Amino acid sequence: MTLIEARGLAVRHGALSVLRDVDIAVEAGEIVTILGPNGSGKSTLVRALIGLEPAAAGAVVRRPGLRIGYVPQRLQIDPVLPLTVRRFLSLPRRVGDAEAAAALERTGVGGLGARQMSVLSGGQQQRVLLARALLGRPEILILDEPTQGLDQIGEAAFYRLLEEVRQESGAAVLMVSHDLHVVMSTSDRVICLNGHVCCEGTPKVVSAAPEYRALFGHGTGGALALYRHEHDHDHDHGEGPHHHHHHHDHAHEVEDA
Amino acid sequence: MPDDFLIRAALAGIGLMLAAGPLGAFVVWRRMAYMGDATAHAAVLGVALALATELPVAFGTGVVALAMALAVAGLSGRGRTADTALGVLAHSALALGLVAVSFLKGVRVDLSAYLFGDVLSVTRGDLVWIWGGAATVLALLAWRWNRLLTATVNEELAQAAGLDPRREKLVLTLALALVVAVAIKIVGALLVAAMLIIPAASARAFARTPEAMAAWAVGLGIVAVLGGLWASLGFDTPAGPSIVAAAAAIFCLSLIPGRSAR
């Protein structure tokens, strides 16, 4: 069942064409990642799907009555606005205390209810935003670069949490990332975007696609060297085994191809 | 037993703060301080127009303040020139108002009453207008409270939840114009913005939630009104500025460290 889709979508900012001919669809229960370099229109696409950007051509079609849980990139809460986490969860729809506590517990920030929003760390804030999105019992979660500002360990933990949430609630997940290897294990499908959809498929297929290589340059010798360097670097500093393994796999694939 | 005029003055000030407290909190949260200023300055032009057309002064100030607030809101939506546009609009409106008043032949206008307020001459009729206006603003804010707050926290989140941030901004703009029209008699055009911003800014130190901050703003504002009136009587100082000075003193107290309820 298709929850949300873009059909021939184009978005312009003034004279600038940000997106053109974008056809994407998200089915119930799947995790889809939109991948693209800076300025490729990833955030614009997400905003258009939610209805924050008008379509210059084409259309966004949502299943009637679709419940969307939106997690923005980063929330700047001015310290002049006193706002506890608990109060924030009741915006704009008021929720009960038990429900709010359960949502915070689920996203791993139980006990932060009385904390001020403006003093949360980046990781805590993302989890609070996710908790708020979950309170609306979404059929699809839409996240715009949810792990920006998190370190790699925090990033991995956040993606694991997303996968758990998907399994428990059955909600589809549509998210934006700029980095394939961190979302590789989590995503069912990857959409490569650079003003238009360049390529689409499972993470493995996309990472081998020439369009993807062209966009991210991972197929060239220079980038490969850079990748190996990263790999060595990680190894030297003895970061988590999962991470190391991951890099290794990726470099290996590129070499094979 | 205090004199009748003093009771009326106190009631007028309390009525004003019931609306100005919560609205002032939004003005502070949304960084609209200068917009409050601009709206208040424009009210002087409203006074002149009202006197010229023999309409009620409160009506004239309300209409011009609203027009001003809409103009400012429209301009500030366009980004970088908003700050300059505000400065141009605010001071032009004030100057135009002062010039227009001087053209009014045969009308002896005590302009300082509109610039600095004349709370001690508030009549029963004024009280009805002030409390009616304040109740309207308060009802408007209470009705849309959660929506206004969501749009203030983050416009994208509000939009994603199906709200229209521009509509919420318009509600605040309307409320602002009404409060200015109500307050011009009490503290005057030049000091209206002060009673919006200073009590709300002082309230931040005592509040952990938005609702608490709005309530504290009302409470601290009322203390400032009563304190200012008392000082005005005791030291024979002008009432409007005395009220604002009392609010400023409270703000200084709120800065004392250790009170912050973070």
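At a glance:
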| item | result |
| --- | --- |
| Matching entry among A:Ile50, A:Ile68 (being of a type outside the set (Ser, Thr, Tyr), open to solvent by 40 Å² or more (accessible area, probe 1.4 Å) and within 14 Å of chain B (Cβ to nearest Cβ)) | A:Ile68 |
| Contacts under 6 angstrom Cβ, first residue in segment A:143-157 being at pLDDT below 85, partner part of a helix (DSSP H, G or I) and of a type in the set (Phe, Trp, Tyr), 6 or more apart | A:Thr147/A:Phe158 |
| Test: residue in segment A:215-229 that is among the aliphatic types (A, V, I, L, M) and either in contact with a Ser or Thr (Cβ under 9 Å, 6 or more places away or on another chain) or modelled with pLDDT of 80 or more (or both) | yes |
| Selection from segment A:3-51 of residues that are more than 18 Å from A:Tyr70 (Cα to Cα) and of a type in the set (Ser, Thr, Tyr) | A:Ser17, A:Ser40 |
| The lone exception for A:Val119 - which of (1) open to solvent by 40 Å² or more (accessible area, probe 1.4 Å); (2) modelled with pLDDT under 90 it fails | (2) |
| Residues within segment A:60-115 that are outside any helix (DSSP H, G or I), under 23 Å from A:Tyr159 (Cβ atoms) and of a type in the set (Val, Ile, Thr), tallied | 4 |
| Selection from segment A:136-153 of residues that are open to solvent by less than 20 Å² (accessible area, probe 1.4 Å), outside any loop (DSSP other than H, G, I, E, B) and touching a Gly at 6+ places or on another chain (Cβ under 8 Å) | A:Ile140, A:Leu141, A:Ile142 |
| Residue count for segment A:11-59, restricted to those that are in a strand (DSSP E or B) and either in contact with a Leu (Cβ under 6 Å, 6 or more places away or on another chain) or touching a residue at least 60 places away in the same chain (Cβ under 8 Å) (or both) | 17 |
| Flag if A:Val80 is farther than 29 Å from A:Leu3 by Cα, within 24 Å of the chain's Cα centre (by Cα) and either hydrophobic (A, V, I, L, M, F, W, C) or within 13 Å of another protein chain (Cβ to nearest Cβ) (or both) | no |
| Residue that is nearest to the other protein chains (Cβ to nearest Cβ) [pool: residues in segment A:83-103 that are among the basic types (Lys, Arg) and under 30 Å from B:Ser202 (Cβ atoms)] | A:Arg87 |
| Helices (runs of 4 or more DSSP H) lying entirely in segment B:82-188 (those with 3 or more residues that are under 28 Å from B:Val244 (Cβ atoms) and under 21 Å from the mean Cα position of the chain (by Cα)) | B:82-103, B:111-116, B:124-143, B:145-153, B:165-183 |
| Residue in segment B:248-259 that is within 14 Å of chain A (Cβ to nearest Cβ) and modelled with pLDDT under 90 present | yes |
| Tally of residues being touching a helix residue (DSSP H, G or I) at 6+ places or on another chain (Cβ under 6 Å), within 14 Å of chain A (Cβ to nearest Cβ) and open to solvent by 30 Å² or more (accessible area, probe 1.4 Å) across segment B:202-229 | 3 |
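Quick grid of which residues meet (1) within 29 Å of A:Ile50 (Cβ to Cβ); (2) surrounded by 21 or more Cβ atoms within 10 Å (Cβ to Cβ); (3) in contact (Cβ under 8 Å) with a residue 60 or more places away in the chain:
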site	(1), (2), (3)
B:Ser102	no, no, no
B:Ala113	no, no, yes
B:Val119	no, yes, yes
B:Arg124	no, no, yes
B:Trp131	no, no, yes
B:Ala134	no, yes, yes
B:Leu140	yes, no, no
B:Glu156	yes, no, no
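The values are calculated or read from the model by the stated rules, or taken from the named source; none is laboratory data. Note that the structure is a prediction, hence the values are computed from the model and not measured. Because the Cβ atoms are built from the backbone with ideal geometry, glycine has one as well, and the counts that use them run over all protein chains shown. The area values use the complete protein model at the heavy-atom level, side chains included, leaving out ligands, DNA and RNA. Shrake-Rupley method; radii C 1.70, N 1.55, O 1.52, S 1.80 Å.
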